[in-house]
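Step one of this worksheet: look at the structure below.
The values are calculated or read from the model by the stated rules, or taken from the named source; none is laboratory data. Model, not experiment: these values are computed from the prediction. Neighbour counts are summed over all protein chains in view; Cβ atoms, including those assigned to glycine, are modelled from backbone coordinates with ideal geometry.
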Amino acid sequence: MRYLIIAGILLFGCANAQQSDQSVRAAIDAQNIKYEQGYLLRDVDMVLGVHTQDATVYPPNRIQAKGQSGIRQMIEGDLAFANPYILDLETISLEVHGDTAIEVGRYKAKLGLFDGTVINDEGNTIVIWKKQTDGRWLYDKDIFNSTVPLE
């Protein structure tokens, strides 16, 4: 009987952990959609709102953007050279460790330059998410790199 109780506790704990991971995944998926929509709608504050106050973004071929002001400048620069700016983010795996989550993913981007040129890019992403005291999950560290060969 004691073994049945222990097995039940373990199974219940695993089920709760899985449920918790599923709710984190849903929250992160919603934030990624907000990020995509922010670029599509050219809404700097929407994109910025998905980042922690101390976040760092490591874009390819550029220096890192740190904190809200640095990330704002990066986003404004991105939007200054492309319209539309269409992103598609895909989560490959997500590990949840308490108030931290590690997302490994892929992105596709379609950038319409103002001269009519269209750039299609795709690549890999790693995002470290931090759960905030209000329950929101936000980007804390974001690194992405293109898998498209340089021309």
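Points to keep in mind about this one:
- Scanning region 104-142 for residues that are under 21 Å from residue 26 (Cα atoms) and of a type in the set (A, V, I, L, M) gives 104, 126, 127, 128, 138.
- Contact annotation: residue pairs with Cβ atoms under 9 Å, 6 or more positions apart or on different chains, pairing a residue in region 81-103 that is more than 18 Å from residue 31 (Cβ to Cβ) with a partner that is surrounded by fewer than 12 Cβ atoms within 10 Å (Cβ to Cβ) and modelled with pLDDT under 95, are 81/113; 81/114; 82/113; 82/114; 83/113; 83/114.
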